[in-house]
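Visitor: Before I ask anything, here is the structure I am working with.
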Amino acid sequence: MALRGAVATACNVGGRHRNPSLLSVPHYLKLKFHYPPSHALHRFTAFPIYQPGGLKYPIRAISEATVDPLTPKKEDEEQSPQNWTIKMLYDGDCPLCMREVNMLRERNKDYGTIKFVDISSNEYSPEENQGLDYKTVMGRIHAILSDGTVVTDVEAFRRIYEQVGLGWVYVITKYEPIATITDAVYGVWAKYRLQITGRPPLEDILELRKKNKDEVCNDRNSCKK
């Protein structure tokens, strides 16, 4: 009741009855905006406001503006620089691995020297990666230099990190006996990483991938070898 009385009072200010619906129209909408012809927001369309007795006092609403289109980022282009120095083969289904890959990918935006290849993708092709098949690459980290040289284990990490200004992280692994020790430690991690990350054994993963691939082949009546 108090709210209804306030509205009635507002509608009869000065002894004249006013349409309550106008109270909901902000005052600034009744103003006309003026921009120079060169301004990006210079094209407008008039829309009327309801007033008792007819349509009056048109307001100007922006109908068109010059806006830079949002171009979706193409992830393939970001991950595949034209002049890459090293190709990193990584397991996209490994949650711990992806933390490192994402960090390297972010830094690589400033360098453009690493090409990232997800071996878990259905599009992964051993023929395009020095004949390295899925099972082989799942066993340990592999990287391919631009001249075709394949590097593995800690050396692969060292080469990759050097390309994004983080060579100092692995610089000590160049020297003995640290090199032998770190390779041994990495070997243990590589052997048990599926168990550590809560994933099934490699044999089960290979069987599931084969089954999924066969289903895709049957649906398409063709299969990419």
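The values are calculated or read from the model by the stated rules, or taken from the named source; none is laboratory data. Every value quoted in this text rests on a predicted model; they were computed, and no experiment measured them. Cβ placement follows ideal geometry from the backbone for every residue including glycine, while neighbour counts extend to all protein chains displayed. Each accessible area value is taken on the protein alone, full model and side chains, heavy atoms only, with ligands, DNA and RNA left out. Shrake-Rupley method; radii C 1.70, N 1.55, O 1.52, S 1.80 Å.
Visitor: Within region 179-195, does at least one residue satisfy the condition of being under 20 Å from Met103 (Cβ atoms), without any contact (Cβ under 8 Å) to a residue 40 or more places away in the chain and out of contact with any Phe, Trp or Tyr (no Cβ under 9 Å at 6 or more places or on another chain)?
Guide: Yes, because at least one residue in region 179-195 is under 20 Å from Met103 (Cβ atoms), without any contact (Cβ under 8 Å) to a residue 40 or more places away in the chain and out of contact with any Phe, Trp or Tyr (no Cβ under 9 Å at 6 or more places or on another chain).
Visitor: One residue is enough: does region 181-193 have a residue meeting the conditions over 30 Å from Arg209 (Cα atoms), part of a helix (DSSP H, G or I) and among the basic types (Lys, Arg)?
Guide: no
Visitor: If you check Glu176 against the conditions, is it outside any loop (DSSP other than H, G, I, E, B) and either of a type outside the set (A, V, I, L, M, F, W, C) or at pLDDT 95 or above (or both)?
Guide: For Glu176, the condition - outside any loop (DSSP other than H, G, I, E, B) and either of a type outside the set (A, V, I, L, M, F, W, C) or at pLDDT 95 or above (or both) - is not met.
Visitor: Could you list, in sequence order, all residues of region 174-189 that are touching an Asp or Glu at 6+ places or on another chain (Cβ under 8 Å) and not acidic (Asp, Glu)? Steps first, please.
Guide: Applying the first criterion (touching an Asp or Glu at 6+ places or on another chain (Cβ under 8 Å)) to region 174-189 yields 183, 186-187.
Tyr186, Gly187 - these are the residues of region 174-189 that are touching an Asp or Glu at 6+ places or on another chain (Cβ under 8 Å) and not acidic (Asp, Glu).
Visitor: Could you check region 132-158 and list, in sequence order, the residues that are part of a helix (DSSP H, G or I), surrounded by fewer than 19 Cβ atoms within 10 Å (Cβ to Cβ) and not acidic (Asp, Glu)?
Guide: Tyr134, Lys135, Thr136, Gly139
Visitor: Let me spell it out: the conditions are (1) surrounded by fewer than 19 Cβ atoms within 10 Å (Cβ to Cβ); (2) more than 26 Å from the chain's Cα centre (by Cα), and Asn129 meets all of them except one. Which number is the exception?
Guide: Of the numbered conditions (1) surrounded by fewer than 19 Cβ atoms within 10 Å (Cβ to Cβ); (2) more than 26 Å from the chain's Cα centre (by Cα), the odd one out for Asn129 is (2).
Visitor: May I ask you to verify whether Val188 is within 30 Å of Asp110 (Cα to Cα) and either open to solvent by less than 90 Å² (accessible area, probe 1.4 Å) or at pLDDT 95 or above (or both)?
Guide: Considered against the rule, which asks whether it is within 30 Å of Asp110 (Cα to Cα) and either open to solvent by less than 90 Å² (accessible area, probe 1.4 Å) or at pLDDT 95 or above (or both), Val188 comes out as no.
Visitor: Within region 79-138, which residues are touching a His at 6+ places or on another chain (Cβ under 8 Å) and of a type in the set (Ser, Thr, Tyr)?
Guide: Hit for region 79-138 is Thr136, nothing else.
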